[in-house]
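The values are calculated or read from the model by the stated rules, or taken from the named source; none is laboratory data. Keep in mind it's a predicted model, so treat the numbers as computed, not measured. Cβ placement follows ideal geometry from the backbone for every residue including glycine, while neighbour counts extend to all protein chains displayed.
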Amino acid sequence: MRVLVTGGAGFIGSHIVDQLLATGHEPAVLDDLSTGSRANLPAAVPLHVADIRDRDAVAEVFAAVRPDAVCHQAAQMSVSRSVREPHFDAAVNCLGLINVLDAAVARRCGRVVFASSGGVLYGEATVPAPEDTPADPISPYGITKWVGERYLKFYAAEHGMTGVALRYSNVYGPRQNPHGEAGVVAIFLKRLLAGEPATINGDGRYVRDYVYGTDVARANVLALAAPADRTPPGRLTSLNIGTGLGTDVVGIEGMIRRALDARGRTGLPAPLHGPARPGDLRSNLVDPARAGLVLGWRPEVALDEGVARTAAWFAAEAQG
Ligand SMILES: NC(=O)c1ccc[n+]([C@@H]2O[C@H](COP(=O)([O-])OP(=O)(O)OC[C@H]3O[C@@H](n4cnc5c(N)ncnc54)[C@H](O)[C@@H]3O)[C@@H](O)[C@H]2O)c1
């Protein structure tokens, strides 16, 4: 299957590309390299440098690739930027998505898998939230993920496409961009490897559902290849991709410290506590049971193992 991965030069997208190659598919990438990098991709994978806001450029890439399916990962994904610049956020995440969907329709590309977010849709969730939890996004970024799912549902119904929205929890792993705000594992690793203390917001008792990047990539490949009786054409199938298990920020910091310690990085500075961030949810967990039933997907990498692998990768990167 020929798959166009938008945002394929980024963290999650590049793991999807790797797994598509490993399972005999033919990936091509559309990315503007705003946060992604060519270095994340195998040299043989075609990279089309384009901005999804550019309707003509998106149409040209679809004409060149002629994909059977699209895996749409490209997004403006900073919550704080979405608050500061809601217009830009909507231009990338809503209008950019519509450009991709229009090009898919024009090229008779029948399947679109969309990177959505459980974290921003469900709000406070002390027990794992199932997919039918009422969506209540509070940031412009969260609103665009919800609206994105509604557009995909409309296009699926109108054009007989198969739409799958994967609602990720907190994704972490090798290649995550430590300059962003989403990846606390990447941010803490970068600080500690530079000999600086991690800064924990407030009391650090903020519980999140951490899922490993390659597990998320595998969910995407399963969704791209799922049979019609599992993900019917003309419909949107929304699935949570997480573990349902909660870990707080203090716990994550300790786990990272132990992973680095095991690699001989001893004497790391103790964490600092900064002010609490207004609006931070106390707990956010997603229930992945439906992805198990529909795709046969389950997370495979336990958090301590994933943190150890991520620490090894960041340590190697820090050494150049
Ligand atoms: N990382 C998480 O915890 C998480 C959680 C929920 C949802 N998501 C979603 O998963 C997707 C991938 O996120 P990621 O963590 O890999 O981030 P990332 O920043 O590493 O990847 C995003 C990619 O999209 C590209 N891109 C951004 N704007 C673009 C544009 N206008 N045109 C073309 N390409 C553009 C970037 O260059 C980058 O390669 C995003 O849609 C994000 O909203 C991520």
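Mind checking whether some residue in segment 124-136 is small (Gly, Ala, Ser) and in a helix (DSSP H, G or I)?
Within segment 124-136 (the criterion being small (Gly, Ala, Ser) and in a helix (DSSP H, G or I)), the answer is no, since none of the residues qualifies.
Can you tell which of Ala63, Ala50, Ala9 is more than 8 Å from the ligand (Cβ to nearest atom) and out of contact with any His (no Cβ under 8 Å at 6 or more places or on another chain)?
Ala63
So which of Gly160, Gly96 ends up being within 23 Å of Val216 (Cα to Cα) and in the same structural domain as Asp229 (by TED's automatic domain parsing)?
Result of the check over Gly160, Gly96: Gly96.
So which residues in segment 19-35 are surrounded by fewer than 24 Cβ atoms within 10 Å (Cβ to Cβ) and either closer than 12 Å to Ala74 by Cβ or in contact with a Ser or Thr (Cβ under 8 Å, 6 or more places away or on another chain) (or both), if there are any at all?
Listed by number, the residues that qualify are Gln19, Asp32, Leu33, Ser34, Thr35.
Between Val79, Val147, which is more than 11 Å from the ligand (Cβ to nearest atom), within 18 Å of the chain's Cα centre (by Cα) and at negative phi?
Val147
If Asp18 satisfies every condition in (1) more than 8 Å from the ligand (Cβ to nearest atom); (2) in a loop (DSSP other than H, G, I, E, B); (3) of a type in the set (D, E, K, R) but one, which is the exception?
All conditions pass for Asp18, except number (2).
Only one of (1) under 21 Å from Ala226 (Cα atoms); (2) near the ligand (Cβ under 10 Å from one of its atoms) fails for Glu26. Which number is that?
All conditions pass for Glu26, except number (2).
Going by the conditions given, is Phe188 within 16 Å of the ligand (Cβ to nearest atom) and farther than 18 Å from Gly118 by Cβ?
Here the answer is yes, as Phe188 does meet what is asked.
Would you call Gly204 in a loop (DSSP other than H, G, I, E, B), free of Cβ contacts under 8 Å to residues at least 40 places away in the same chain, over 27 Å from Ala289 (Cα atoms) and away from the ligand (no atom under 16 Å from the Cβ)?
It is false that Gly204 is in a loop (DSSP other than H, G, I, E, B), free of Cβ contacts under 8 Å to residues at least 40 places away in the same chain, over 27 Å from Ala289 (Cα atoms) and away from the ligand (no atom under 16 Å from the Cβ).
For segment 58-82, which residues satisfy the criterion of being surrounded by fewer than 18 Cβ atoms within 10 Å (Cβ to Cβ) and at pLDDT 95 or above?
Once the filter is applied, which keeps residues that are surrounded by fewer than 18 Cβ atoms within 10 Å (Cβ to Cβ) and at pLDDT 95 or above, segment 58-82 yields Ala59, Glu60, Ala63, Ala64, Arg66, Asp68.
Say whether the condition of being touching a residue at least 60 places away in the same chain (Cβ under 8 Å), outside any helix (DSSP H, G or I) and buried (at least 16 other Cβ atoms within 10 Å of the Cβ) is met by at least one residue in segment 212-223.
yes
Condition test on Arg230, is it assigned by TED's automatic domain parsing to the domain that holds Ser80 and under 17 Å from the mean Cα position of the chain (by Cα)?
It is false that Arg230 is assigned by TED's automatic domain parsing to the domain that holds Ser80 and under 17 Å from the mean Cα position of the chain (by Cα).
Being in a helix (DSSP H, G or I), out of contact with any Cys (no Cβ under 9 Å at 6 or more places or on another chain) and assigned by TED's automatic domain parsing to the domain that holds Pro137: is that true of Asp51 here?
For Asp51, the condition - in a helix (DSSP H, G or I), out of contact with any Cys (no Cβ under 9 Å at 6 or more places or on another chain) and assigned by TED's automatic domain parsing to the domain that holds Pro137 - is not met.
Yes or no: segment 85-105 includes at least one residue that is within 9 Å of the ligand (Cβ to nearest atom), aliphatic (A, V, I, L, M), under 17 Å from the mean Cα position of the chain (by Cα) and not in a helix (DSSP H, G or I).
For segment 85-105, residues within 9 Å of the ligand (Cβ to nearest atom), aliphatic (A, V, I, L, M), under 17 Å from the mean Cα position of the chain (by Cα) and not in a helix (DSSP H, G or I): absent.
Answer yes or no: is there a residue in segment 191-206 that is buried (at least 22 other Cβ atoms within 10 Å of the Cβ), in contact with an Asp or Glu (Cβ under 7 Å, 6 or more places away or on another chain) and more than 22 Å from Asp287 (Cα to Cα).
yes
Taking the stated definitions as given, is Cys109 within 13 Å of the ligand (Cβ to nearest atom) and either surrounded by 14 or more Cβ atoms within 10 Å (Cβ to Cβ) or not assigned by TED's automatic domain parsing to the domain that holds Ala225 (or both)?
no
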